[in-house]
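First the structure, in the form of structure tokens, and then the observations on it.
The values are calculated or read from the model by the stated rules, or taken from the named source; none is laboratory data. Just so we're clear, the structure is a prediction, and the values are computed from it rather than from any experiment. Note: ideal-geometry Cβ built from the backbone for every residue, glycine included; neighbour counts use all protein chains shown. Only protein heavy atoms, including side chains, enter the accessible area calculation; ligands, DNA and RNA are left aside. Shrake-Rupley method; radii C 1.70, N 1.55, O 1.52, S 1.80 Å.
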Amino acid sequence: MAKFVVTPSSEKQRAAWTGGGIPEVERVRPGLWSIPVPIPINPLRYVLVYALELADGVAIIDAGWDTDEAYEALTAGLGVAGYTIADVKAVLVTHIHPDHYGLAGRVREASGAWIGLHPADAGLLRERYDEEFIDALVAKERAQLLRCGVPASTVDELAGASMMIRTFVTMAAPDRLIEDGDRLDLSGWDLRAVWTPGHSPGHLCFAESSRKLLFTGDHVLPRITSAVAVHPQSAPNPLADYLDALAALRAFDVEEVLPAHEYRFLELAGRVDYVMEHHRERLAEIEEVVSGTDGVTCWDVATKLTWSRPWESIPSFMRRAAGNETLAHLVWLESRGRARRLPGEPELWTRAEG
Ligand SMILES: [Zn+2]
Ligand SMILES: [Zn+2]
């Protein structure tokens with residue numbers, strides 16, 4: 001697959017990313033700021049929070065992870081733009097992952113801002129972040145891993161692998177639910193929500209048509225592909241949702257893409273085509289593994305695929321993610337009649353015909 005490389009629209013920002021650092025706060029357009037907010041223990045290093053100047057304050061897209069370091073970086077970044085936390089009127093959250101949503105509650109406490117989230121993600125909040133429901137969610141994850149063929153000896157380690165990140169999220173219910181196509185009432189901005197499920201069920205992008213900008217959250221990133229996985233909180237066929245949303249986005253008239261990680265860039269359609277081709281190749285690779293057997297577990301399929309490093313050296317929480325992403329591809333193949341699931345414990349996958 002020919003590598004399509006996007007053109008960064010801020011050389012400085014891209015250089016900071018590739019150099020292993022954190023970019024500066026930058027003015028993207030008059031009234032629009034990019035504020036990198038560090039995220040802990042994560043190779044993505046920071047989330048790009050966007051601040052949109054309003055007549056009476058500022059709206060932010062995403063908030064960052066709930067740590068003191070993140071809160072201070074956000075406060076300092078708003079300071080560069082001439083604002084304080086108290087000036088934040090709205091927090092538009094692209095999706096519920098802790099690096100985007102985690103700090104929203106603390107920002108609201110300090111400012112009285114309203115928090116907006118898509119209903120499909122809002123509906124997952126309690127199960128994901130409320131102490132009372134955590135054990136039930138871990139149990140569901142464990143059951144899925146066993147169905148996928150994860151060896152019993154490692155299933156508990158994998159099932160609990162993401163539990164520690166919960167400490168970084170303040171459980172805060174949204175004040176407004178943002179649906180597909182909703183126009184956000186922000187003075188000076190022509191901002192419309194675009195529902196782009198897949199990476200999370202309620203993922204939102206925000207299109208600014210008068211400035212031809214698209215805020216893509218984690219849905220489209222310049223260098224890495226968005227993680228799309230089957231897990232207890234995903235939709236049944238998240239890859240189908242993701243690819244449909246991607247196809248719909250391709251037609252948008254956009255001059256600059258403003259993602260939540262890495263760096264902003266120019267070519268939306270080129271990047272969309274590349275990501276689609278990536279998934280087509282992955283689907284073909286998985287179909288080939290499955291069609292060569294009379295029944296193979298999802299976990300065994302995952303170990304046979306090409307990853308960025310040898311399977312044995314991938315840390316457990318990333319192996320779990322790899323398994324869940326493989327399952328998303330298997331489910332997509334099944335939905336298109338290109339693979340078949342043989343129910344059982346574990347489930348086996350095989351070629352579609354007879
Ligand atoms: Zn995410
Ligand atoms: Zn993210």
Can you name every residue in the range 45-63 that is in contact with a Leu (Cβ under 9 Å, 6 or more places away or on another chain) and either away from ligand 1 (no atom under 16 Å from the Cβ) or modelled with pLDDT under 95 (or both)?
A51, L52, E53, L54, V58, A59, I60
Could you check the range 255-294 and list, in sequence order, the residues that are in a loop (DSSP other than H, G, I, E, B) and either among the aromatic types (F, W, Y) or open to solvent by 30 Å² or more (accessible area, probe 1.4 Å) (or both)?
E255, Y263, L266, E267, G292, T293, D294
Across (1) modelled with pLDDT under 95; (2) out of contact with any helix residue (DSSP H, G or I) (no Cβ under 6 Å at 6 or more places or on another chain), S9 clears everything bar (1)
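Quick check: is even one residue across the range 295-311 modelled with pLDDT of 90 or more, among the charged types (D, E, K, R) and under 19 Å from R142 (Cα atoms)?
Yes, some residue in the range 295-311 is modelled with pLDDT of 90 or more, among the charged types (D, E, K, R) and under 19 Å from R142 (Cα atoms).
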So which residues in the range 33-53 are in a strand (DSSP E or B) and out of contact with any helix residue (DSSP H, G or I) (no Cβ under 9 Å at 6 or more places or on another chain), if there are any at all?
Y50, L52, E53
So how many residues does the range 177-209 have that are open to solvent by less than 50 Å² (accessible area, probe 1.4 Å), free of Cβ contacts under 8 Å to residues at least 40 places away in the same chain and either within 16 Å of ligand 1 (Cβ to nearest atom) or not in a loop (DSSP other than H, G, I, E, B) (or both)?
1
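Quick grid of which residues meet (1) buried (at least 16 other Cβ atoms within 10 Å of the Cβ); (2) within 14 Å of V289 (Cβ to Cβ); (3) not aromatic (F, W, Y):
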site: T303; (1), (2), (3): yes, yes, yes
site: T306; (1), (2), (3): no, yes, yes
site: R309; (1), (2), (3): no, no, yes
site: R320; (1), (2), (3): yes, no, yes
site: N324; (1), (2), (3): yes, no, yes
site: A328; (1), (2), (3): yes, no, yes
site: V331; (1), (2), (3): yes, no, yes
site: R338; (1), (2), (3): yes, yes, yes
site: P346; (1), (2), (3): yes, no, yes
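Of all residues in the range 79-121, which are acidic (D, E) and either touching a residue at least 40 places away in the same chain (Cβ under 8 Å) or within 19 Å of F206 (Cβ to Cβ) (or both)?
Selection gives D99, D121.
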Name the pairs: first residue in the range 306-320 and among the aliphatic types (A, V, I, L, M), second residue at pLDDT 90 or above, Cβ to Cβ under 8 Å, at least 6 apart or on different chains?
I314/W307; I314/A322
Candidate set: the range 210-253, residues that are in contact with a Lys or Arg (Cβ under 7 Å, 6 or more places away or on another chain) and open to solvent by 30 Å² or more (accessible area, probe 1.4 Å); chosen: the one nearest to P119 (Cα to Cα):
P232
Picking from A247, A240, A260, the residue that is free of Cβ contacts under 8 Å to residues at least 40 places away in the same chain and either in contact with a Leu (Cβ under 9 Å, 6 or more places away or on another chain) or away from ligand 2 (no atom under 14 Å from the Cβ) (or both) would be A247
